Amino acid sequence: MTRPRAVYLVDYACYRPPDHLRVDFHKFMHHSRLTGDFDDSSLEFQRRILERSGLGEETYLPEPLHQIPPQPSMAKAREEAEQVMFGALDNLFKATGVKPKDIGVLVVNCSLFNPTPSLSAMIINKYKLRGNIKSFNLGGMGCSAGVIAIDLAKDMLQLHRNTYAVVVSTENITENWYFGNKKSMLIPNCLFRMADQLSTGHPTREDPSTR
């Protein structure tokens, strides 16, 4: 039985949306009021959640949720996914010098938005990743998906040597905004924002502590 090889993080990258998509607390509450979908009790509940959430004044929401009334759609949700995933990947490739063709394992996780073609297929097509790439698309797994994705990438790197794995962790807000007055359903509106985080790993037999 072969000894498991160490897998190391090469680098990570995040995506920062453009400034016009920024939503501070005042803008969030103003837009929520203008939609006409929330009663006074729900508006006050959202205000209290925002104040206690730990979120700052420089978080972001996708374009359709800035419109009055909001205009969510499948097409707009795909645009959001492309914007955050491709933006973060461009940052990652630039920071590491790793080329798209060097990627042998791709793991994408997004709980709420799982279109066809898949998010992983969108990335493969955009960057012309190699034909024998091991690609996985995880959906509906909640907050545990990020940890599961990292573990899956690590296991794949035990099997496939001399390659890189990229893990894409994201969520999609466009079609998952709640327009109603049920308090428990309003909490995600206050906590979830537009973002993406990537990491790339590589297997090696050499322990960095021995260098």
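Every read-out reported here was derived from the displayed coordinates using simple, explicitly stated rules and does not represent laboratory data. Computed from a predicted structure; not experimentally measured. Note: ideal-geometry Cβ built from the backbone for every residue, glycine included; neighbour counts use all protein chains shown.
Could you line up I124, I148, I68 from fewest to most neighbouring Cβ atoms inside 10 Å?
Result, fewest neighbours first: I68, I148, I124.
Hand me the tally of lysine pairs in the chain: alpha carbons under 20 angstrom apart, and the pair either on different chains or 8 or more positions apart.
13
Could you point to the residue in M85, T163, C190 farthest towards the positive end of the chain's charge dipole, with +1 and -1 charges on the Cβ of Lys/Arg and Asp/Glu respectively?
Positive-end residue among those listed: T163.
What is the fewest-to-most order of M156, M85 by other Cβ atoms lying within 10 Å of their Cβ?
With the fewest neighbours first, M156, M85 line up as M156, M85.
Would you pull out the residues with amide H under 5 Å of D11's amide H, same chain only if 5 or more places away, H placed 1.01 Å from N?
Hits under the 5 Å cutoff: T200.
Taking the Kirkwood radius as the inverse of the mean 1/r across Cα pairs, report the Rg/Rh of the chain. If you can, show how the numbers build up before the last one.
Details: Rg = 19.4 Å, Rh = 18.7 Å.
Ratio of gyration radius to Kirkwood radius: 1.04.
Which ³J(HN,Hα) values in Hz, rounded to whole numbers, follow from the phi angles of region 164-174 under the Karplus curve 6.51 cos²θ - 1.76 cosθ + 1.60, where θ = phi - 60° and Gly and Pro get x?
10, 10, 10, 10, 10, 10, 8, 9, 10, 9, 3
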